[in-house]
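Computed from the coordinates by the stated procedures, all read-outs in this text should not be read as laboratory data. Treat the numbers as computed from the prediction; the structure is a model and nothing was measured. Cβ atoms come from the backbone with ideal geometry, glycine included; neighbour counts cover every protein chain shown.
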Amino acid sequence: MSTAVMKKSPYYDQGLNLASAIIKDAEMEVVEVYDRLIDTYKKPLILSTDAKHNAYEINNEVVFALEEKGIPVFHSPERAAKTLSYLTEYARRINKIRQR
């Protein structure tokens, strides 16, 4: 069935809204799982996603929720990796100072 035909259906918007709500709920559950992992293991978590540049509102809400919980979200794996390397170097230097 073509997209044009589906969009003419009176149920198209309802189906789209239902699918969006289900996806949003699942993504928000993942936010809570990440938050519990951080609390449990006391380790930093950084994420990389293209959602910051995504037109879909759902993804942007998830990114906002992650950042509200203090979980940084980067728009490229390279930036996430660079930040992780800085965090590692910082921890190494702090440990070295504490050992003095």
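Among residues other than Leu87 whose Cβ falls under 13 Å from its Cβ, what is the net charge (Lys/Arg +1, Asp/Glu -1)?
Numbers: positive: Lys43, Arg79, Lys82, Arg92, Arg93; negative: Glu89.
Result for the neighbourhood of Leu87: +4.
Can you give the FRET efficiency to the nearest 0.05 for Asn60 and Arg100, using r as the Cβ-Cβ distance and R₀ = 35 Å?
Details: r = 45 Å, r/R0 = 1.30.
After rounding, the FRET efficiency stands at 0.15.
Given H placed 1.01 Å from N in the peptide plane, which residues other than close sequence neighbours of Phe74 have an amide H under 5 Å from its amide H?
Result for Phe74 returns Leu47, Ser48, Thr49.
Between Tyr90 and Arg36, what is the spin-label point distance in nm, taking each point 7 Å from the Cα along the Cα→C-beta axis?
2.7
Can you compute the modelled spin-label distance between Lys43 and Ala81, with each label point 7 Å from Cα toward Cβ, in nm?
With each label placed 7 Å out from Cα toward Cβ, I get 1.8 nm.
Ranked from highest to lowest mean number of other Cβ atoms within 10 Å per residue, what is the order of the peptides 39-50, 71-82, 86-97? Walk me through the numbers before you get to the answer.
Details: 39-50: 11.7, 71-82: 14.3, 86-97: 10.0.
Per-residue mean Cβ counts within 10 Å order the peptides as 71-82, 39-50, 86-97.
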